[in-house]
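Visitor: Below are the structure tokens for one structure; questions will follow.
The values are calculated or read from the model by the stated rules, or taken from the named source; none is laboratory data. Fair warning: this is a prediction, and the values are worked out from it, not measured in the lab. Cβ atoms come from the backbone with ideal geometry, glycine included; neighbour counts cover every protein chain shown.
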There are 2 protein chains.
Amino acid sequence: MNQDPETSNRAGREPISELTTARLSVYLRCLAELESEGIATVSSQDLAARIHVNSAQIRKDLACFGEFGIRGVGYSVIDLRARLRDTLGLTTTHAMVIAGAGNLGMALVNARGFNSDGFKVVAMVDIDPAKTGIRSRNGVEVYPLSSLHSIVKRETVEIGVIAIPGDSAQQVCDFMIEVGILAILNFAPVQIKPRAGVRIQEVDLRVNLETLSFHLKLAEDGKLVL
Amino acid sequence: MNQDPETSNRAGREPISELTTARLSVYLRCLAELESEGIATVSSQDLAARIHVNSAQIRKDLACFGEFGIRGVGYSVIDLRARLRDTLGLTTTHAMVIAGAGNLGMALVNARGFNSDGFKVVAMVDIDPAKTGIRSRNGVEVYPLSSLHSIVKRETVEIGVIAIPGDSAQQVCDFMIEVGILAILNFAPVQIKPRAGVRIQEVDLRVNLETLSFHLKLAEDGKLVL
DNA sequence: GCATGTGAATGGATTCACAGCT
DNA sequence: AGCTGTGAATCCATTCACATGC
């Protein structure tokens, strides 16, 4: 059952599923809080209680990268956090460009989560020439879409964010891929056509709203739900 | 295998999972496009090709609410769309309030998906008194947080949107629940404590970014991925 | 013939429960 | 004693494949 001699445990080479990845991110945020509270050690139960998750789930997820906990004690908050940051690729900083300098783009460029711990917005681009030269509150400048190529080259941008209103999303996305962007976070309400070697993450607000609506309807119709 | 005599098929009473719900929403968008293209009939294969999904999956999902397709032909676009809109609770319009009149709140209030086909933003609220009275481009007014209660009562608001920067999110959320809001869409990077009878939908941008980062790292380390 | 609807088969993910370490 | 790490069991989701009906 071992196709690769290195598969056993050290620097564990397990696949790590999509769902696990998302949870690792949640664990990481929780660990950051624990660290800032000065807590040195945490058990899977403790974590499970804070997040809404089963403790065995947490242990399984963490087992993806070798043994790390101490039996009878738990996990070192500092060490585990470092490990997760490494696993998620947050030890190097990823340069990002946001396409669309409207309200959404501006909200994102100023968001804490977009400018800390592994990420940095280096520029915004917009088709509207009137927007060129504007700067966000935190000092990121808006450039014409045509300068995307040189920005990506100069700053080795890895991540592109689509914050434009829908119809031109696929075009801009194609352009991003053309100039060498490797990962895209898409807020436009369109299914972006996938391309080999490029990772796309969709944030579909309409799906979220309709999920809420669906549950509201269930509740109305008497089916007990939360 | 039938605990309920009504379980068989008419107006099907199957549970409908979380994942299915999300896909129904995607199908619905696709059907809207098909309808505007004037296409009258669609097969599960056609849909499967447009969306990135297996055709059996689509049929299973749609089977949740009784037989609806025509064998040998497919589904009526108009009828199926109407059925999905009904299932997702989009035939009545849900009133929404957005907490936070910053860039994010303004982006959302102006977003097409927040003001059409089942949803309507009736007000924004903000703690900053300087924001009171401001109107969004599409005419939605900003009120002080303290008027939330009366707005929710007057407009029978069902959905609250948390578009504030993190730390006060839980408080505002609690307040929303207190004044009778039943469903919450949360953009703040905090796990909102769940409460019985209230549905919470988290949109965690940090998780999305870190997922991208993780895959970038995989690609770097040589594991083939997309 | 063609596409739906669905039991059966497969594949994953979650949870259980306990052996093993500290 | 307490908690991790993990096989085994369970649960859920997806896919296959075909009988059923247009």
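Results for (1) at pLDDT 95 or above; (2) more than 14 Å from chain A (Cβ to nearest Cβ); (3) within 10 Å of DNA strand C (Cβ to nearest atom), shown as yes or no for each residue.
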| site | (1), (2), (3) |
| --- | --- |
| B:His52 | no, no, no |
| B:Gln57 | yes, yes, yes |
| B:Asp61 | yes, no, yes |
| B:Phe68 | no, yes, yes |
| B:Arg71 | yes, yes, yes |
| B:Ile78 | yes, yes, no |
| B:Ala82 | yes, yes, no |
| B:Ala95 | yes, no, no |
| B:Gly100 | yes, no, no |
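Visitor: Shifting gears a bit: Among the candidates A:Pro194, A:Pro189, A:Pro165, which residue alone is in the same structural domain as A:Asn110 (by TED's automatic domain parsing), touching a Lys or Arg at 6+ places or on another chain (Cβ under 8 Å) and surrounded by fewer than 18 Cβ atoms within 10 Å (Cβ to Cβ)? Before the answer, list the steps.
Guide: On the way: A:Pro194 fails: touching a Lys or Arg at 6+ places or on another chain (Cβ under 8 Å); A:Pro189 fails: surrounded by fewer than 18 Cβ atoms within 10 Å (Cβ to Cβ).
Just one listed residue meets the conditions, A:Pro165.
Visitor: For B:Leu216, state whether it is crowded, with 19+ Cβ neighbours inside 10 Å, not assigned by TED's automatic domain parsing to the domain that holds B:Ile98 and not acidic (Asp, Glu).
Guide: yes
Visitor: Something else: Determine whether A:Ser136 is within 11 Å of chain B (Cβ to nearest Cβ) and at pLDDT 95 or above. I'd like the intermediate steps shown before the answer.
Guide: Values: within 11 Å of chain B (Cβ to nearest Cβ): yes; at pLDDT 95 or above: yes.
The answer is yes for A:Ser136.
Visitor: For the condition closer than 19 Å to B:Gly105 by Cα, within 14 Å of chain B (Cβ to nearest Cβ), crowded, with 20+ Cβ neighbours inside 10 Å and in contact (Cβ under 8 Å) with a residue 40 or more places away in the chain, what is the one hit in A:Gly105, A:Gly160?
Guide: A:Gly105
Visitor: Also, I was wondering about something else. Can you tell me which residues in the stretch A:41-59 are touching a residue at least 12 places away in the same chain (Cβ under 8 Å) and loosely packed, with under 14 Cβ neighbours inside 10 Å?
Guide: If the condition is that a residue be touching a residue at least 12 places away in the same chain (Cβ under 8 Å) and loosely packed, with under 14 Cβ neighbours inside 10 Å, then A:Ala56 is the only one that fits.
Visitor: Across the stretch B:47-72, what is the number of residues that are more than 10 Å from DNA strand D (Cβ to nearest atom), small (Gly, Ala, Ser) and closer than 15 Å to B:Leu34 by Cβ?
Guide: Residues in the stretch B:47-72 being more than 10 Å from DNA strand D (Cβ to nearest atom), small (Gly, Ala, Ser) and closer than 15 Å to B:Leu34 by Cβ: 1 in total.
Visitor: Go through the stretch B:123-213 and tell me which strands (runs of 3 or more DSSP E), entirely inside it, have 2 or more residues that are closer than 30 Å to A:Glu158 by Cβ.
Guide: Output list reads B:183-186, B:199-202.
Visitor: Say we look at the stretch A:23-44 and pick out the residues that are in a loop (DSSP other than H, G, I, E, B) and more than 16 Å from DNA strand C (Cβ to nearest atom); which of these is nearest to the other protein chains (Cβ to nearest Cβ)?
Guide: Within the stretch A:23-44, the match that is nearest to the other protein chains (Cβ to nearest Cβ) is A:Glu37.
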